1. Which residue, of GLY504, GLY552, is assigned by TED's automatic domain parsing to the domain that holds VAL575 and assigned to a loop (DSSP other than H, G, I, E, B)?
2. Is the stretch 527-536 home to any residue that is over 16 Å from SER474 (Cβ atoms), surrounded by fewer than 24 Cβ atoms within 10 Å (Cβ to Cβ) and modelled with pLDDT under 90?
3. Quick one: would you say GLU249 is acidic (Asp, Glu) and in contact (Cβ under 8 Å) with a residue 60 or more places away in the chain?
4. So the check is Cβ under 9 Å with 6+ separation or different chains; which pairs have a first residue in the stretch 493-514 that's more than 16 Å from GLY538 (Cβ to Cβ) and in contact (Cβ under 8 Å) with a residue 24 or more places away in the chain and a second one that's acidic (Asp, Glu) and surrounded by fewer than 24 Cβ atoms within 10 Å (Cβ to Cβ)?
5. Among the residues of the stretch 382-416, count how many are under 40 Å from the mean Cα position of the chain (by Cα), surrounded by 12 or more Cβ atoms within 10 Å (Cβ to Cβ) and among the hydroxyl-bearing types (Ser, Thr, Tyr).
6. For the stretch 556-573, does any single residue satisfy the condition of being at pLDDT 90 or above, more than 46 Å from the chain's Cα centre (by Cα) and among the basic types (Lys, Arg)?
7. From the list VAL310, VAL250, VAL271, which one is part of a strand (DSSP E or B) and not assigned by TED's automatic domain parsing to the domain that holds ARG581?
Amino acid sequence: VLLNSFEEKIKMDNFSLGQVKIGKAVRPDILPVVNDKPVPIYQLDEQVTKGKVTKEEAQEILKKYNLYQEELQLLFKKGLKISQDFQQNLSDLEKRVAKAVVKGVIDSVRENFTSPEAGEYLSQVEEHILENLQVFKGLKPEQQATEDGFVIDYFKEYEVNVILDNSETNECPVILETSPNFINLFGTIEKINDGRGGWYSDFTKIKAGSLLKANGGYLVLNVYHLFEEPGVWKTLKRVLTYNKLEIQEVPTYFQLSSTLKPEPIKIDTKVILIGSQNVYSFLAEHEYDFKKMFKIKADFDYEIKRSDKVVHEYARVIKKLIKDENLYEFDRSAIAFIMELSARYAGQKNKLTTRFSWIADLAREASFWADDDGFKIVSAAHVEKAFLYAKERHGMFESKINDMIEENTLLIDTEGERIGQINGLAVYGADYYSFGRPTRITATVSLGSGSIINVEREAGMSGKHYTKGVLIISGYFRETFGQDIPLSFNANLVFEQSYGTVDGDSASCAEIFALLSTLAGLPINQSIAVTGSLNQKGDVQPIGGVNEKIEGFYDVCKSRGLTGKQGVIIPVLNVKELMLREDIIQSVCKNKFHIYAIKTVEEGIELLTGIKAGKKTKKGYEPGSVFQLVEEKIKDLYSKSRAIKQQGKTITTVRRK
């Protein structure tokens, strides 16, 4: 409308509106009309030359042109302002119309979320949509590519990255993380390679870890795995200290700075660490805040007392394993034999082991042998076969020791008598099972000051418990024989042909018997092996591995031929733990092998020497008893020691004179 009225106005002065092309650009211009033809202003001089207009007319035309040109510029500015106002009004109208729709949709979504953070986010989404209606009107392509080949997705900003969805979870989550590396535990921000050596990421690449997945519940971790990857333990402590999780990229030595920094997430996850007592003690001692974060400690016992209820539950565990792994069914004899082996593994017949991995391996192999033998039901014979074959696979160390004993490389006597020599019993720990074998222990005495020398300790080959046992022997001798006269002898105790570390106090009885034999000059029956610890009062105390020790000595005797005189002395308190092989039980019943249970040192020395130990009287120990002979030997050594000292003083006095 503005241009039409302006054009009518300039027509009265012989002007018209037209367009002038300057280079490639076209702009509107005012053209003077000469002889009914519009002429560009720059051709006005040419028209003067041709005589179509005079100079005076040309100057008048130029003067009016400049005036109208200024008026045209003002007109264009006014038109531009009108256009801008129109566009703004149109945009406001679109927003008002769209706002009703958008607000309705957003409000319906807002009703499902009550958190202030979600409400703030939805308000920002609503505002952003109204500011970018052209995207929804299709004025911008949905996926536009840049010159570098990057695809611009204008709708990506409205996507929601749901990193955790527990909407269908009715109970608190329990997550067992078997591979707790940095990404699996804390989450990460993934990056995408653009194919040109560059990496980029966005909020849709934020991924949750198991720590967030277990939010509101429990996360179970193996404590050993937390130290396999750098930074995991330190980051876990920081998260548990402040109860805030920051999802970030995996830290590396060549880490590039990330443009994304997600807001910390407040979490309430209970972390359960599984590990050994040694690891717990180490962390509690060296990590000052360990007990602040992990306040509750639960010990899982490796054994359980046997009862009717426990036996029933134990059978159910085995049954569940059979069902889960599609094993053959086990009959009652197979279940009973597994429990017998379980009690043997626990070391006591009134207890069962709770190391079910060991039981599971045994059950699997028993099922295999049943199938190999053509049976569909597993019996006790198949369980025994599985156990024996497993022992054979892990028994190279045992077989080597057996060979050395049979070849007399390791010197062991199972017949005859000898002074100051006795068969002790040791347990060797293998990776699958433990076994016992006899070992020769000898004792020697000489004049001295009452010291009992532990050769293993002097050689640096003894453990603390073994050294303590030897010191207890010293206390026993002072209590029993050192009340009236000093112990004027030195003794040496040796584990013969022992080239490894010796520990434990189960050889204390054997050592004291060897020492009593040496002092009394009485030979010890080599057909009998001894195990047991003792206190300073001479009471025999229980030891571990009693079944393995008995079986070890029995196997050596059986290989050489049972004579009916061989046997083992054990503490009476270990009788309740006996679970011996059937062949040993039969040999004991037929008096081909013997098991003696003792309470005191006196009982043991009587069995080994066939002589009464002797009781203390006002005049000393009973005549002809073991202890009387020991006392007489100590007195004799004391007299010799005094004579030597007196002789030394006499020689010193003569030299001074």
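1. On the way: GLY552 fails: assigned to a loop (DSSP other than H, G, I, E, B).
When all the criteria are applied, what remains is GLY504.
2. Of the stretch 527-536, the ones over 16 Å from SER474 (Cβ atoms) are 527-532.
If we keep only those that are surrounded by fewer than 24 Cβ atoms within 10 Å (Cβ to Cβ) as well, we get 527-528.
Pick out the ones that are also modelled with pLDDT under 90 and you get none.
No; the residues of the stretch 527-536 include none that is over 16 Å from SER474 (Cβ atoms), surrounded by fewer than 24 Cβ atoms within 10 Å (Cβ to Cβ) and modelled with pLDDT under 90.
3. Details: acidic (Asp, Glu): yes; in contact (Cβ under 8 Å) with a residue 60 or more places away in the chain: yes.
Yes, satisfied.
4. LEU493/GLU456; VAL494/GLU456; PHE495/GLU456; SER498/GLU456; THR501/GLU456; VAL502/GLU456
5. Here the count works out to 1.
6. Yes, there is a match, as at least one residue in the stretch 556-573 is at pLDDT 90 or above, more than 46 Å from the chain's Cα centre (by Cα) and among the basic types (Lys, Arg).
7. Values: VAL310 fails: part of a strand (DSSP E or B); VAL250 fails: part of a strand (DSSP E or B).
Result: VAL271 is the single residue among VAL310, VAL250, VAL271 that is part of a strand (DSSP E or B) and not assigned by TED's automatic domain parsing to the domain that holds ARG581.
Per-residue answers, yes or no, for (1) within 30 Å of ILE41 (Cα to Cα); (2) exposed (fewer than 14 other Cβ atoms within 10 Å of the Cβ); (3) of a type in the set (Gly, Ala, Ser):
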residue	(1), (2), (3)
GLN59	yes, yes, no
LYS81	yes, yes, no
GLN84	no, yes, no
ILE129	no, no, no
ASN132	no, no, no
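The values are calculated or read from the model by the stated rules, or taken from the named source; none is laboratory data. All figures in this text were calculated on a predicted structure; none of them were measured in a lab. With ideal geometry, Cβ positions are generated from the backbone for all residues, glycine too; neighbour counts draw on all protein chains shown.
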